[in-house]
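The values are calculated or read from the model by the stated rules, or taken from the named source; none is laboratory data. It should be emphasised that the depicted structure is a prediction, and the values quoted were computed from it without experimental measurement. Note that each Cβ is placed from the backbone with ideal geometry, even for glycine, and that neighbours are counted across all protein chains shown.
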Amino acid sequence: MKLVQFFKKIDKNSVKDAGGKGASLGEMARAKIPVPPGFVVVAGAFDRFLNETELDAEIEAILKKLNHEDIHEVDKASAQIRDMIAKSKMPADLQREILEAFKKLKARFVAVRSSATAEDSKVASWAGELETYLNVTEKNLIASVMKCWSSLFTPRAIFYRFEKKLHKKPVSVAVVVQEMVQSEVSGIAFTVHPVTEDYNQMVIEAGFGLGEAIVSGQITPDTYVVHKDDFSILDISVSEQKMAIVRSGAKNVHKKLSAKTGGKQKLTGRQIVELAKLCKKIEQHYRHPQDIEWAYAKGKFYITQSRPITTLK
């Protein structure tokens, strides 16, 4: 199997190779859902890297003697493993393959995201444990892929692995490289109301700028509640946003927003309905309630991730 696969070669059955995130993006791209184009550096690439550098044995030895309940020990192990990965060299042919795929994307900036693969179905709940890098250029692409690899060993991810009893199972990581959407507005949508668990309602959260601000909890987004049958808007709650994460050159910066700008409603009624219809289509495709990340730029909605909601009773 090629170690770099474009979305059109991946579907929901590719979790073992592409991780939950990669498999979902491939599945949606094939279902003609507007996903920004991209490719996945499959988990086999990371496994091969560990094998060729003989880091797999060293990492195993560190984790084996680790007391995961001692936070200082976990921090120390994490720093040691991440440092070892950063100082190692990615195989030259793999670097070449990734850079060739990048050129085919014809994108100046990409998002580089970790996509964990584990043999158990709880893989979806690795959400938020691993790292994402936004507005990556060709120059720092390889380093960003390696940072995503090593984020499998952040203190949180190590602790999570022990807590979920995954430390004795093979856990690997694929990396999604996807054309960057410079979103004017972005956010999250839940196709079932996450608080009341009402299956007839979906909740959309929206904020100005890149979605990282909402996902990381740095801003309070607008919240819109939509009825799933007739797409009537049941509730609009506008919150004042004090800053937005936007691209400046090749960096992401926190841009201060005036009270007038930050206090505006982030999506119009028509946009809310358009997004709700798209989210319902994704839920129908998967036949399961979804937690969806979306972005809006230049008059178009894009879906950057969709995963099953795992918290419903």
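Per-residue answers, yes or no, for (1) assigned by TED's automatic domain parsing to the domain that holds Lys139; (2) more than 29 Å from Phe7 (Cα to Cα); (3) more than 20 Å from the chain's Cα centre (by Cα); (4) assigned to a loop (DSSP other than H, G, I, E, B):
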residue	(1), (2), (3), (4)
Leu166	yes, no, yes, yes
Val173	yes, no, no, no
Ala189	no, no, no, no
Pro194	no, yes, no, yes
Ile219	no, yes, no, yes
Asp230	no, yes, yes, yes
Ser239	no, yes, yes, yes
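I'm told Phe153 meets every condition in (1) under 24 Å from Tyr296 (Cα atoms); (2) modelled with pLDDT under 95; (3) among the aromatic types (Phe, Trp, Tyr) except one. Can you identify the failing condition by its number?
Looking at each condition in turn, Phe153 falls short on (1).
Quick test of your reading of the structure: Ser172 fulfils all but one of (1) surrounded by fewer than 22 Cβ atoms within 10 Å (Cβ to Cβ); (2) under 17 Å from Ala101 (Cα atoms). Name the failing condition by number.
Here Ser172 clears every test but (2).
Quick one: how many residues across region 229-287 are closer than 16 Å to Met202 by Cα and among the small types (Gly, Ala, Ser)?
Residues that pass the stated criteria total 4.
Evaluate the following for Ala101: is it part of a loop (DSSP other than H, G, I, E, B), in contact with a strand residue (DSSP E or B) (Cβ under 6 Å, 6 or more places away or on another chain) and closer than 23 Å to Phe39 by Cβ?
no
Just checking, how many residues over region 4-43 are farther than 25 Å from Arg96 by Cα, modelled with pLDDT of 95 or more, part of a helix (DSSP H, G or I) and in contact with a strand residue (DSSP E or B) (Cβ under 8 Å, 6 or more places away or on another chain)?
Residues that pass the stated criteria total 1.
I'd like the full set of residues that are assigned to a helix (DSSP H, G or I) and without any contact (Cβ under 8 Å) to a residue 60 or more places away in the chain, limited to region 74-98.
Listed by number, the residues that qualify are Lys76, Ala79, Gln80, Asp83, Met84, Lys87, Ala92, Asp93, Gln95, Arg96.
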